[in-house]
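The values are calculated or read from the model by the stated rules, or taken from the named source; none is laboratory data. None of the values given here were measured: they were computed from a predicted structure. No Cβ is skipped: glycine too gets one built from the backbone with ideal geometry, and neighbour counts run over all protein chains shown.
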Amino acid sequence: MNLLIILAALATVLGVGTTTHVGCATSTCRTDEKPTTTQQAVDATLERRIENALKDLEISNARALDRRIEDALKDLESATARTLKADQERLNALMRKSGIYR
């Protein structure tokens, strides 16, 4: 979860940094403030890497949730079986005490 927060913050910072220079070609931005083609390529690559990391994190979280659901269902099934067996044993004991044999 912390990774998701860090990646979102990084994406926000990158977004703010690139929108600051949107009009640089026609504005009075200093030359050293204008993004270079290499910088733009690095930013695009970094943005794709962040997007891919977020997708991977989402997939990982979904798989973990699926495993937790499967485990919970197995636990519920096991507990239900144990409860039914215990109930049947109590019923059998009551029937034996009352003189009804099975």
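Sub-8 Å Cβ pairs linking a first residue in the stretch 84-101 that is among the polar types (S, T, N, Q) to a second residue that is modelled with pLDDT under 90 and exposed (fewer than 10 other Cβ atoms within 10 Å of the Cβ), at least 6 apart or interchain, are N92/R102, ordered by first then second residue. Test L91 against the stated conditions and say whether it is more than 30 Å from I5 (Cβ to Cβ) and hydrophobic (A, V, I, L, M, F, W, C). Considered against the rule, which asks whether it is more than 30 Å from I5 (Cβ to Cβ) and hydrophobic (A, V, I, L, M, F, W, C), L91 comes out as yes.
One residue is enough: does the stretch 61-68 have a residue meeting the conditions part of a helix (DSSP H, G or I), within 21 Å of I6 (Cα to Cα) and among the acidic types (D, E)? Within the stretch 61-68 (the criterion being part of a helix (DSSP H, G or I), within 21 Å of I6 (Cα to Cα) and among the acidic types (D, E)), the answer is no, since none of the residues qualifies.
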